[in-house]
1. If M83 passes every condition in (1) within 9 Å of the ligand (Cβ to nearest atom); (2) part of a helix (DSSP H, G or I) but one, which one does it miss?
2. Scan the strands (runs of 3 or more DSSP E) fully inside the range 20-80 and keep the ones with 2 or more residues being near the ligand (Cβ under 10 Å from one of its atoms) and aliphatic (A, V, I, L, M).
3. Can we say V148 is of a type outside the set (K, R), closer than 20 Å to W58 by Cα and touching a Phe, Trp or Tyr at 6+ places or on another chain (Cβ under 6 Å)?
4. From the list R243, R181, which residue is loosely packed, with under 15 Cβ neighbours inside 10 Å and either under 19 Å from the mean Cα position of the chain (by Cα) or at pLDDT 95 or above (or both)?
5. What residue, of D192, D174, is surrounded by fewer than 13 Cβ atoms within 10 Å (Cβ to Cβ) and in contact (Cβ under 8 Å) with a residue 40 or more places away in the chain?
6. Here are R261, R165, R241, R181: which of them is assigned to a strand (DSSP E or B) and under 23 Å from K135 (Cβ atoms)?
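The values are calculated or read from the model by the stated rules, or taken from the named source; none is laboratory data. In this text the structure is predicted, and so the values were computed from the model without any measurement. Cβ atoms come from the backbone with ideal geometry, glycine included; neighbour counts cover every protein chain shown.
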Amino acid sequence: MALGHRLSVYSRAGGPFGQRGGGVVLIPPIERTRQTGSTNADLLARLAGGEHVGEGHWLVADRQTAGRGRLGRAWGDGHGNFMGSTVVQLRAGDPIAATLALVAGVALARTVATLAPMVDFQLKWPNDVLIDGAKCSGILLERTGDAVVIGMGVNLVSAPELPDRPTACLADKDARIDRDRFADVLAVAMVDALWVWRQEGVESVVRAWLPLGHPVGTPLHVSEQGIDGFFDGLAPDGALRLRLGGGEIMLIHAGDIELRRPVEEGN
Ligand SMILES: O=C(O)CCCC[C@@H]1SC[C@@H]2NC(=O)N[C@@H]21
C-alpha cells in the first residue's frame, strides 16, 4: 500500500479551470493494490463498514476480477490500464450529487488532454472519452449515505471488448502513458474540478465540459426512450439538450446516449 501526500508542481492550462493560474498542489493519497474484485466495491464496503475514507483518497488496482460498469454491465480487466476509484464526501450546500458525473468527466478529459495532447478525443455526455467514436473510458458513480464513490476505467494500453459498442485505447494513437503518472495527474485534476463544482457551481463545470464534448448539432440517439435528435448543448444544471425533429428541446437528465453518424448528402 503506497499512501501519502507528495508535493508536485502542477500547471493548470487554459479554460475556466486555468484562470486561477499555476501553483504547488498536493497530490491526494493514492493507494495501490495488485488485484481486487472492484475498486468501487472495495471503497463502498469500507464506507458501509463505518471506516472513514477521506475525500480525495484513491484506490488504484493493477487488476480487477469483477470490475463493474454502468447499468449492471461488467468492466473488462486490461493490464496496464487505469482502474481506480475515489470518494467525494457530500457537504451541506453542495450541488446535486448527480452532477458529479460531469465533474468526473471534465477531470478525466483534462487528464487525457494533458498526457496525450496528440490524441483527438471527445467527451460523450455525460463522461465517456471517445476516440474515433469508440469508447476509451468509463465512469461509474455509486452513492452510499453522504459519500459518492467515483470509479474510472481508462483504456491506456488495451481495449477490452464490450458486447454492444466499439472500444479504443490511447496506445493505439501512439500515446504511451504510465499508469501511475496518469493516476497522479487525474487525482489533481479531480481536486481542481471538485473545487470549481463547490465554489463556482455546476454552471462553471458545464462551461468547462462544452469544449471537450461532441459539437452542437451532433446526431444523438437516447437509448432508454428510443429517441433521435441533435445535441443542442447543456442546460445550466448539466442536463443534455436534445433538439427534436420539430425543433423542440427535450431535456435528458440521465441515461445512455449513442452518437449517430451524420447523414451524408446523397444518401
Ligand atoms: O460502464 C462504464 O462506462 C463505467 C465503467 C467504470 C469502470 C471502473 S474501473 C474502476 C472502478 N471499479 C469498478 O468496478 N468500476 C469502475
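1. (2)
2. Counting at least 2 such residues, we get 58-64.
3. no
4. R181
5. The conditions single out D174.
6. Details: R261 fails: assigned to a strand (DSSP E or B); R165 fails: assigned to a strand (DSSP E or B); R181 fails: assigned to a strand (DSSP E or B).
Just a single option satisfies the conditions, and that option is R241.
A quick yes/no check of all residues on (1) over 23 Å from P28 (Cα atoms); (2) assigned to a loop (DSSP other than H, G, I, E, B); (3) small (G, A, S):
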{"site": "A171", "(1), (2), (3)": "yes, no, yes"}
{"site": "A187", "(1), (2), (3)": "no, no, yes"}
{"site": "D192", "(1), (2), (3)": "no, no, no"}
{"site": "W195", "(1), (2), (3)": "no, no, no"}
{"site": "A208", "(1), (2), (3)": "no, no, yes"}
